[in-house]
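> Structure incoming, see below.
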Amino acid sequence: MEQIKEIRRAVAKALETRGLDNREFLRQIRAGEQDDGPYMTGALACAAMMTKQPARS
């Protein structure tokens with residue numbers, strides 16, 4: 001649960017850093033209201049890939 005909150009904060013911060021100033025949209029990302037949007041979908045997919053362990057032979 002804490003991991004998704006960290007991802008939401010990181011996505012919102014990255015968008016702010018890149019110049020997005022839509023405060024309502026950023027609030028929605030932080031609140032979890034945009035979890036099905038493209039930014040969060042991509043971030044969650046990347047996080048899932050990064051946490052997977054390599055297959056062992």
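Quick note: the coordinates plus some simple rules give every number you see, no bench work behind them. Computed from a predicted model, the values in this text were never measured in an experiment. In this analysis, Cβ positions are derived from the backbone assuming ideal geometry, glycine residues included, and neighbour counts consider all displayed protein chains.
> Loop-only trypsin sites (Lys or Arg not before Pro) in the range 5-57, please: DSSP not H, G, I, E or B, and at most 16 other Cβ atoms within 10 Å.
Counting only loop positions with at most 16 other Cβ atoms within 10 Å, the trypsin sites (Lys or Arg not before Pro) in the range 5-57 are Arg18, Lys52, Arg56.
> For the chain, what is the Kirkwood estimate of the hydrodynamic radius, computed as the reciprocal of the mean inverse distance between distinct Cα atoms, to one decimal in Å?
Answer for the chain: a Kirkwood hydrodynamic radius of 12.1 Å.
> Moving to a separate point now. Which angle from 0 to 90°, rounded to the nearest 10, does the C-alpha axis of helix 2-17 make with the longest principal axis of the chain?
50
> Compute the distance in nm between two label points, each set 7 Å from the Cα along the Cα-to-Cβ direction, one at Arg30 and one at Glu16.
0.6
> In debye to the nearest 20, how big a dipole does the chain give about its Cα centre with +1 on each Lys and Arg Cβ and -1 on each Asp and Glu Cβ?
For this selection, approximately 240 debye.
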